[in-house]
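Single-structure report; data block below.
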Amino acid sequence: MRATKETQVHTRQQRKPNRTNSHQRKNNENRRKTSRKIPSAKDADYHQLVARATNDAIRDWDLGADALTWRQGLNSLLGYSPGESDTIAFWRQRIHRDDCARVAASIREAIKSKAGHWSGEYRFRHANGHYLSLLERASIIRDKNGRAVRFLGALMDVSARKQLQEKFSHSQKMEAFGQLAGGVAHDFNNFLTTILGYSDLLVAEVEGRGTGAKYLSEIRSAAGRAASLTKQLLTFSRREPLEPRVLEVNKLIHNLERSILRLLGENISVLCDLIPEKKYIKVDPDQFTQIIINLAVNARDAMPVGGTLLLKTQTIFANGKAPSEMPPGKYIGISITDNGIGMSDEVKEHLFEPFFTTKDDRHASGLGLATCYGIVRQSGGRITIESELAKGTAVYIYLPEAEAPPAAPYRKRSKLPPGNETILVVEDDISVRHVAVRTLRMLGYNVLEAFRADEAKRLIKNNAINLVVSDVVLPDMSGCDFADWMRLNCPSTQVLLTSGYLPETTIGRPSIDLPFLSKPFDPQQLAETVRASLDALIVS
C-alpha cells in the first residue's frame with residue numbers, strides 16, 4: 001500500500017510541467033531570433049549599416065562597363081535620384097571644373113600602379129546647385145590577374161571642416177595683413193609729417209602769395225588726402241576706433257561719386273536720386289566711405305557686361321516693425337541698386353556671415369558684408385538686402401537722422417604760438433626730426449635733438465629740459481618706457497608722445513596719462529600741442 005502511494009506521487013511529479021525549463025527554452029529561442037536579425041561583420045547588410053551610421057555616400061564603379069551604382073547616400077547626401085546616375089559620366093560631370101582633371105589623373109595613376117586603395121578630396125555639385133567638399137576613400141578591387149575591375153568608394157561630406165580651415169587660414173592672413181597695413185601706415189605718416197611740415201614752412205616764407213603758394217597749397221591738399229588714406233589703413237588693421245561725426249548725407253554721396261565712377265569703368269553708368277533738402281547722419285566718414293565703395297565694387301562685379309548703379313537717399317519713418325524692425329523714429333535711407341546677375345535665396349541666407357563670399361579667391365574682398373553689417377549696427381542703423389536672379393540687387397542702409405550741426409564760426413589760421421623753453425626732440429626718422437626741430441626753433445625755443453633713448457638720456461643729464469617730444473617707436477626702447485624712465489628720474493620735465501599709431505594702440509603704455517600728438521602733424525598742430533603741454537606743466 002505504501003509503495004503504491006509512492007509510485008503515484010512520483011508519477012504525478014513527472015507529469016507536472018517544468019516551468020523553469022520552459023521559460024529558459026523560450027528565452028533561448030528569442031535570442032536565436034534576435035541574433036538572426038543582427039548582421040554579422042561578414043554580411044553585406046552589416047557594411048550598409050556602418051555606412052549609414054557615417055552618413056557617407058557609397059558608389060560602386062564597374063570599370064569594365066563604366067557603370068555606376070550607388071549603394072547609399074545618393075539622395076540623402078547629394079540630392080539626386082537613382083535613375084539619373086547609372087553611368088560614370090554622371091559623377092565626372094558634377095565634379096568642380098577646377099578639380100576634375102586632377103582627380104581623374106590621380107585615380108588613373110592609382111589603378112595603373114596596382115594600388116589597392118585611393119583617397120582624395122574634391123568639390124561635387126549637389127542637386128540644388130551648390131558644391132560640397134567631399135573626401136572619398138576607395139578600395140580598388142582586382143581580378144586574379146591584378147586587373148582593376150571595380151572601384152568601391154565612400155564619399156564623406158567635409159564641407160564644414162574645410163570651411164573652418166579656410167576661416168582660420170583667412171583669419172591668420174587678415175591678421176598678418178592688418179599688421180603689415182598698420183606698419184605701412186605708421187611709416188607713411190612719418191613721410192606725411194615731413195611733407196606737411198615743410199609745405200607749411202614754405203607757405204609762411206612766401207607769405208601765401210604767388211604761383212609758388214598755389215603749388216604748395218596743392219601739395220598740402222594731396223598730403224591731407226594721403227593722411228586720410230593712412231587712417232583707413234589703420235582702421236583696416238584695427239588700430240583706429242570709430243570717430244562718428246554729424247555729416248550731410250548728400251554731400252558724402254557727392255564726394256564719393258567721382259571715386260565710384262573710376263572704380264566701375266566705362267560700361268557702367270551711375271545715377272543719383274538724392275533728397276532735395278539737407279539731411280544729416282552721425283557716422284565715421286572713413287568707415288561710411290569704405291561701406292559705399294565696397295558695395296559699389298560688389299555691384300560692379302555683379303554687372304560683368306555693364307549696367308546701371310543707382311545711389312539713392314530718402315527719409316524713412318520707422319514704426320518699430322518695418323523696415324528691418326528698427327526702433328521707431330526718423331531715419332535716412334541710403335540705397336545702392338544694380339541691375340546685375342542677382343543672387344539666389346541660398347546665397348542671401350549667408351550674406352552676413354563672416355568670410356562668406358560669392359567670389360573666387362582671386363576676387364574675394366577682405367571687408368565683406370559682415371563688416372558692413374557691424375559698422376552700420378555700431379552706428380545705430382540697419383542694413384538689408386533684396387535680390388533676384390537675373391534682375392539685380394538692392395542694398396538698403398538705414399541710419400538715424402541727426403540734428404544739423406551748428407555753423408562753424410570762421411576762424412582765420414592763427415599765428416604759431418612762440419616760446420623760449422628748452423625742448424628735446426627724440427625721433428628716429430631724420431626727416432620728421434628735422435622738420436620738428438626747425439619749426440620749434442623758428443618759434444623761439446631752444447631745441448636739442450636725439451636719435452635714440454640712450455642718447456636722449458645723456459642730453460637730459462647735462463641740460464635743463466622743460467619738455468621732451470618723443471616718438472613712441474624708438475630703436476632701443478619704446479617711447480612709453482622712456483616716458484616712465486623720465487617720470488622716475490626727471491619728474492619735473494613734461495613728456496609729449498607722438499606716433500603714427502593711435503594712443504590706444506601704442507607699443508606698451510606709460511604708467512601715467514601723457515599728452516599725445518598723432519602723426520601726421522603740421523607745424524600748427526605741433527606748435528599748439530607743445531605750447532599746451534608746457535602751459536599745463538606750469539599750471540600743475
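The values are calculated or read from the model by the stated rules, or taken from the named source; none is laboratory data. Here the structure is a predicted model, which is why all the values come from computation and not from measurement. Positions of Cβ are generated from backbone atoms using ideal geometry, with glycine treated the same way; all protein chains shown enter the neighbour counts.
Annotations
- Filter result (outside any helix (DSSP H, G or I) and either within 20 Å of ASP62 (Cβ to Cβ) or free of Cβ contacts under 8 Å to residues at least 24 places away in the same chain (or both)) within region 79-104: TYR80, SER81, SER85, ASP86, THR87, ARG94, ILE95
- Against the numbered list (1) at pLDDT 90 or above; (2) hydrophobic (A, V, I, L, M, F, W, C); (3) more than 42 Å from the chain's Cα centre (by Cα), VAL203 comes up short only at (1).
- Selection within region 258-270 - farther than 16 Å from ALA302 by Cβ and of a type in the set (A, V, I, L, M, F, W, C): LEU261
- Residue check, ASP66 touching a residue at least 12 places away in the same chain (Cβ under 8 Å), more than 35 Å from the chain's Cα centre (by Cα) and under 17 Å from ALA138 (Cβ atoms): yes
- Tallying residues that are in a strand (DSSP E or B) and under 17 Å from SER85 (Cβ atoms) within region 106-130 yields 3.
- Residue within region 32-48 that is at pLDDT 85 or above and surrounded by 11 or more Cβ atoms within 10 Å (Cβ to Cβ) present: no
- Verdict on THR384 being under 21 Å from MET343 (Cβ atoms), in a helix (DSSP H, G or I), at pLDDT below 95 and under 37 Å from the mean Cα position of the chain (by Cα): no
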